Amino acid sequence: MRILLVGATGLIGSAVADTLSNRHQVIRVGRSGGEYQVDLIDRDSIRGLFREVGRVDAVVSTAGIARFKALPDLSDEDYQFSFRHKVMGQLNLVRDGLEYLAPGGSFTLTSGTLSTHPTPGTAAVAMSGAALEGWARAAALDLEGRARVNVVSPGWVAESMAAAGVEPANGIPVADLAQVYVALVDGAETGQVVVADRQSSHSR
C-alpha cells in the first residue's frame, strides 16, 4: 500500500514510518522535514499536499499539538490554538484526503491519554483529544463502505519519559505503540478509539 504519514519526523511518527516501511510504501510528511511538508492549521497547505502526493491507500497522522496551561491561565487563543492544531488539522486530513483515498482506504488519527485521564494543566489538551475522538466515531458512520476512520490514543511513551528524566517503566515503548497504528492500517476496524498504553501493550 501507499501510505501518507503526517508527523513522520517525530518520535512516534518515525517509529510508525519505520514499521510500516517493512511492507508498505510510506510517504513521510513533516512540518519542516520529511519528503513533503504541511502546515495542519492551513487548509490550503493540506490540499496542496494531497495534490502533490496523489492517490494513497491510507493516511496516518501522528501530528497535532495543544497548549499545556492551568485553567486560569488559558486564554481564548490557547483554546483556539489547541483546537485548530489537534482537531481541525487532523479532521481536515480526512475531509480533503477523501478525494485522493483509494476505495476502502483508511485514516488513522492521534488523540492521547489526557482525553480520558487528564492531569492538572491539561484542560485544552483533554478537550481537543476528546473532541477528535467523538468526531472520528461519527465520521466513521458517515463514511462506512467508503473509508475507515480510527483514532489511536497513546499513553505516556517510555522514551519520552526517559528523555524527561522520568522513570520510563510505566510508559509504552514506542516500538509497541507503532504496532497499534500498523494494526489499524492493515485491519478492517472503523470508528474505533484504541488506547495504547503500557497496560494494553502487555495484554496483547
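Keeping every protein chain present and rolling a 1.4 Å probe, give me the accessible area per residue for the chain in Å². Intermediate results must be reported in sequence, preceding the final value.
Working: 9550 Å² over 204 residues.
About 47 Å² of surface per residue is accessible.
Could you calculate the contour length gain from Gln80 to Asn170, that is, 0.36 nm times the residue separation minus the distance between their Cα atoms, to one decimal place in nm? Show your work: numbers first, answer last.
On the way: separation 90, 0.36 × 90 = 32.40 nm, distance 3.17 nm.
Stretched out fully, the Gln80 to Asn170 stretch lengthens by 29.2 nm.
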- Once amide H atoms are built 1.01 Å from N in the peptide plane, which residues 5 or more positions from Val195, or in another chain, come under 5 Å H to H? Ser153
- Under a point spin-label approximation (7 Å from Cα along Cα-to-Cβ), what is the Glu189-Leu141 distance to one decimal in nm? 1.9
- Query: Please identify the GluC sites (Glu not before Pro) of segment 1-92 that satisfy two criteria: DSSP loop assignment and at most 16 other Cβ atoms within 10 Å. Which are they?
  - Reply: Glu35
- How many times 2.2 N^0.38 Å is the alpha carbon radius of gyration of segment 30-84? 1.44
- Item | log10 of Debye I(q)/I(0), alpha-carbon scatterers only, for segment 67-204 at 0.11, 0.19, 0.22 Å⁻¹ | -0.44, -1.14, -1.31
- Query: With contacts defined as alpha carbon pairs under 8 Å and 6 or more residues apart, what's the relative contact order of the chain in percent?
  - Reply: 19
- Task: Quick one: which residues, 5+ away or cross-chain, put their amide H under 5 Å from the amide H of Leu109? H built at 1.01 Å from N.
- Result: Ser61, Asn150, Val151, Val152
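With +1 on each Lys and Arg Cβ and -1 on each Asp and Glu Cβ, how big is the dipole of the chain about its Cα centre, in debye rounded to the nearest 20? Please report the intermediate quantities before stating the final value.
Working: 18 positive and 22 negative charges, 59 e Å.
Using Cβ point charges on Lys, Arg, Asp and Glu, the chain gives about 280 debye.
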- Task: Please sort 53-62, 90-99 by packing, taking for each peptide the average over its residues of neighbouring beta carbons within 10 angstrom, highest first.
- Result: 53-62, 90-99
- Label model pair Met161, Ser32: point-to-point distance (7 angstrom along the Cα→beta-carbon line) in nm is 2.9
- Message: Could you tell me which residue out of Gly171, Ser111, Ala123 lies farthest along the dipole of segment 103-173 toward its positive end? Charges go on the beta carbon: Lys and Arg +1, Asp and Glu -1, centred on the Cα centre.
- Response: Ser111
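At 1.4 Å probe size, with the rest of the protein present, what percent of the exposed accessible area of segment 80-204 is carbon and sulfur atoms? Each step should come with its number before you reach the end.
Numbers: 3140 of 5620 Å².
Solvent-exposed carbon and sulfur of segment 80-204 make up 56 percent of the total.
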- Note on the structure: Residues other than Gly48 with Cβ under 10 Å of its Cβ, Lys/Arg counted +1 and Asp/Glu -1, net out at -2
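The values are calculated or read from the model by the stated rules, or taken from the named source; none is laboratory data. Keep in mind that what you see is a predicted model, and the values were worked out from it rather than measured. Neighbour counts are summed over all protein chains in view; Cβ atoms, including those assigned to glycine, are modelled from backbone coordinates with ideal geometry. Quick note on the areas: whole protein, heavy atoms, side chains included, nothing else; ligands and nucleic acids left out. Shrake-Rupley method; radii C 1.70, N 1.55, O 1.52, S 1.80 Å.
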